[in-house]
């Protein structure tokens, strides 16, 4: 099967998945014993106001009718109006998604730049002190709770030592660059605002590290295990026997094969990072969709919950697709079936 | 060669980092800027007629002026603001406000009675408006607003209430951000899709207050700057107010100690204790206009139908333990329904922790062997910086000591309210806070079941009490009114379904650079009088 046919089939599958996801989410949201109207109006609202607003929001219609209306809106690109924000869900997502993309990409970069070399070193120096150190580091990443690491590093590097700035994407006294993509670093780069770019990057360091630490731990362990496995293979022995320098054996022959499982992990981790990281976002005041998703669930804001679920389902589908295609590209033995 | 290049790039990057300026020169520097670190994620709208959450009403209070106001720190008396004086008719139903001439909006337009009328039109017409009930409860709606609110000339506004309503409550609602006066010419020019300009008001302000909106970025920041056209008073020394959204109180504390924030609102009891020890800061505390209580449904639990049992619960509770140990002092004793700071506050504490008396009362009522009830509590925090779960556990312990077996059911607050409002709770642990600083705002929910508020939710229908509440509501702040509220409190002590636990304190952690800070739960921080070194 050619690449194009494969992509078309996957796209059709994605539509199906997304439809199923919205249905399940819709049903679950209405099973929850909380009232979105009271969540929005507050507990002081008299019963008459609650019923009036319930009607204004269309929430007194029968559930199947509400779902059909939602789907109709969806077909026209209308994701509904967020109850808690009182504005279109699409506007909410357009505001919060770029911040998450920025943070997730930075975190992924940190994870790869730290994780892969550490994994390689760990494999090459197996059981010696660099390996032990790397494994402790990886263990910390996968086991320490993210909010703990975040508060610890903030307390040390910001509060005590002052070498890194505090929460937020920019310092209070830095005027933000004009809004083009919504990602402050990219917008600053595009408009040549170097002061804002430096400030934004400085603010990105800590949250990106905190968020990427878990993935870095995972990637380190995957790379180490995979490389060790590959280094035992016959063709590696043959290459060494041929007199190829060790560095070339590792970097040119072994690594390429060893990285295959790591690529999968990187892809899936990126997908999960893109769906938002509410704890990191809360602590660093990063206005991403993780925080938005949590708020919408707490407030039983059904349009917002559906909107976020839709976006995340789409992100995962696309990421999975990219990983599968990449895998096939890297490993000629894999064919699309 | 490649390595040398890599090294050079690395050095360059580090160099740029080191010399990076913190930002281009701002118009107003740190000396004229106040940064208040708190959680502003609850803000839904900055439209003053719609804003109902703490973060949004705080900001609107600085940007919009009202007919009348409360002097910062004194919530018992209404003072002139946009209205320089007002007359009240003999029957207390017609209010004639005489406006100050020449008040300017931030746009430069002059404030007239037409703007006041437009403000009221917006309140009663805007859909999905959480704050609207503050005005509509007085019988004002979209159909009658033009008869109720009239502007006979540009400097006079006459409001004739369609039904009897407490004059004190009415005036305090006129001081509430929901009636913050908007610049009708500007707002009308920005109406989109019949929204009365509401969407535009989320990113721009159109008021006559001392500050105007620079920007509101949801979940990020609310930023205000001094309104250059403000002429209701002298210009403020502080030119810029920023509320960055800091949801985690540890981070608030970090920002405070680095000097990146001047004030932190939201520190826990233990963090406040640590701040008190730090020479660079002080803690400003004032009683909040709210109270935490345990509600008992008089029908869903047969035992609670007996007033002796309700009294037994009130004797069983260890009030001191809650305030001293659980709250670490972040609350004051309160057993009445009107909090300290309002007219009608009753400092008496008729119930001391007395488990023997409680058991005797239960015996008298025929429940000597105790009984069982479910206590609904939220999964979040209770007022005063403690978790609702901890407070519920304490109540459970106290009641177990007298034979009442309590099952704690912790649920998300939305679920709690849904059950409570549907009259389906057995016992509930909840908090009630002020909407407008008139005793009627508390007496009605707690005492008048016809309002379908708190006592109605607990199915406590007391007609004589409801009549007393209505009568007291219609009075001005006289000794007779105080006597009525004393009577209302006495009835609720002995017979009511509420065990009032404490009145929480609002605590601000403040840098010593900030002087002349005044804060009250209605006006918030008084930015006009504070100064920064």
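Between B:213, B:267, the distinction of being buried (at least 22 other Cβ atoms within 10 Å of the Cβ), away from chain A (no Cβ under 13 Å), farther than 19 Å from residue B:66 by Cβ and within 22 Å of the chain's Cα centre (by Cα) belongs to B:267 only.
Within the range A:185-200, being touching a residue at least 12 places away in the same chain (Cβ under 8 Å) and surrounded by 19 or more Cβ atoms within 10 Å (Cβ to Cβ) holds for A:185, A:188, A:193, A:196, A:197, A:199, A:200. Among the conditions (1) touching a strand residue (DSSP E or B) at 6+ places or on another chain (Cβ under 9 Å); (2) surrounded by fewer than 21 Cβ atoms within 10 Å (Cβ to Cβ); (3) within 18 Å of residue B:459 (Cα to Cα), the only one that residue B:499 does not satisfy is (2).
Look at residue A:265 and say whether it is buried (at least 16 other Cβ atoms within 10 Å of the Cβ) and at pLDDT below 90. Yes; evaluated as a whole, the condition is true for this residue. Scanning the range B:399-411 for residues that are modelled with pLDDT of 95 or more and either under 29 Å from the mean Cα position of the chain (by Cα) or over 13 Å from residue B:370 (Cα atoms) (or both) yields B:407, B:408, B:409, B:410. Could you go through the range B:271-280 and let me know if any residue there is on the phi < 0 side of the Ramachandran plot, surrounded by fewer than 18 Cβ atoms within 10 Å (Cβ to Cβ), in contact (Cβ under 8 Å) with a residue 40 or more places away in the chain and part of a loop (DSSP other than H, G, I, E, B). Yes, the conditions are met somewhere in the range B:271-280. Those helices (runs of 4 or more DSSP H) of the range B:314-425 in which 3 or more residues are under 20 Å from residue B:504 (Cβ atoms) and free of Cβ contacts under 8 Å to residues at least 40 places away in the same chain occupy B:388-400.
In a loop (DSSP other than H, G, I, E, B), in contact with a helix residue (DSSP H, G or I) (Cβ under 8 Å, 6 or more places away or on another chain) and buried (at least 16 other Cβ atoms within 10 Å of the Cβ): does that describe residue A:135? Against the criterion (in a loop (DSSP other than H, G, I, E, B), in contact with a helix residue (DSSP H, G or I) (Cβ under 8 Å, 6 or more places away or on another chain) and buried (at least 16 other Cβ atoms within 10 Å of the Cβ)), residue A:135 does not qualify.
Residues that are more than 14 Å from every other protein chain (Cβ to nearest Cβ) and either touching a residue at least 12 places away in the same chain (Cβ under 8 Å) or under 27 Å from the mean Cα position of the chain (by Cα) (or both): which helices (runs of 4 or more DSSP H) entirely in the range A:1-69 hold 2 or more of them? Break it down stepwise before answering.
Values: elements: A:3-31, A:36-41, A:47-56.
So the answer is A:3-31.
Count of the range B:159-202 residues, restricted to those that are part of a loop (DSSP other than H, G, I, E, B) and at negative phi, is 19. Filtering the range B:177-193 to residues that are under 18 Å from residue B:141 (Cβ atoms) and either within 14 Å of another protein chain (Cβ to nearest Cβ) or modelled with pLDDT under 95 (or both) leaves only B:178.
Of the residues making up the range B:240-261, those that are crowded, with 19+ Cβ neighbours inside 10 Å, in contact (Cβ under 8 Å) with a residue 40 or more places away in the chain and over 15 Å from residue B:40 (Cα atoms) are B:240, B:253, B:255, B:256, B:260. When each of B:374, B:414, B:390 is tested for being within 34 Å of the chain's Cα centre (by Cα) and within 15 Å of residue B:317 (Cβ to Cβ), the lone residue that passes is B:390.
Condition check: under 23 Å from the mean Cα position of the chain (by Cα) and under 16 Å from residue A:207 (Cα atoms). Does residue A:118 satisfy that? No: the conditions fail for residue A:118. Residues in the range A:287-304 that are within 11 Å of another protein chain (Cβ to nearest Cβ) and more than 13 Å from the chain's Cα centre (by Cα): A:287, A:292, A:294, A:295, A:297, A:298, A:299, A:300, A:301.
Residue-by-condition table, conditions (1) assigned to a loop (DSSP other than H, G, I, E, B); (2) under 29 Å from residue B:246 (Cα atoms); (3) touching a residue at least 40 places away in the same chain (Cβ under 8 Å); (4) within 21 Å of the chain's Cα centre (by Cα):
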position	(1), (2), (3), (4)
A:97	no, yes, yes, yes
A:104	no, yes, yes, yes
A:130	no, no, no, no
A:152	no, yes, no, no
A:172	yes, yes, no, no
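Among helices (runs of 4 or more DSSP H) lying entirely in the range B:30-141, which contain 3 or more residues that are surrounded by fewer than 22 Cβ atoms within 10 Å (Cβ to Cβ) and within 18 Å of the chain's Cα centre (by Cα)? Steps first, answer last, please.
Values: elements: B:54-63, B:113-125, B:133-136.
Where helices (runs of 4 or more DSSP H) fall fully within the range B:30-141 and carry at least 3 residues being surrounded by fewer than 22 Cβ atoms within 10 Å (Cβ to Cβ) and within 18 Å of the chain's Cα centre (by Cα), they are B:54-63.
Candidates in the range B:216-226 are the residues that are outside any loop (DSSP other than H, G, I, E, B) and either facing chain A (nearest Cβ under 9 Å) or closer than 14 Å to residue A:173 by Cα (or both); of these, the one that is nearest to the chain's Cα centre (by Cα) is B:222. Considering (1) touching a helix residue (DSSP H, G or I) at 6+ places or on another chain (Cβ under 7 Å); (2) within 24 Å of residue B:41 (Cα to Cα), the lone condition that residue A:22 does not fulfil carries the number (2). Remark: residue A:77 falls outside the filter, which requires a residue to be at positive phi and within 14 Å of chain B (Cβ to nearest Cβ). Picking from residues in the range B:426-459 that are within 13 Å of chain A (Cβ to nearest Cβ) and part of a loop (DSSP other than H, G, I, E, B), the one that is surrounded by the most Cβ atoms within 10 Å (Cβ to Cβ) is B:448.
The values are calculated or read from the model by the stated rules, or taken from the named source; none is laboratory data. The structure displayed is predicted, hence computed values, not measured ones. In this analysis, Cβ positions are derived from the backbone assuming ideal geometry, glycine residues included, and neighbour counts consider all displayed protein chains.
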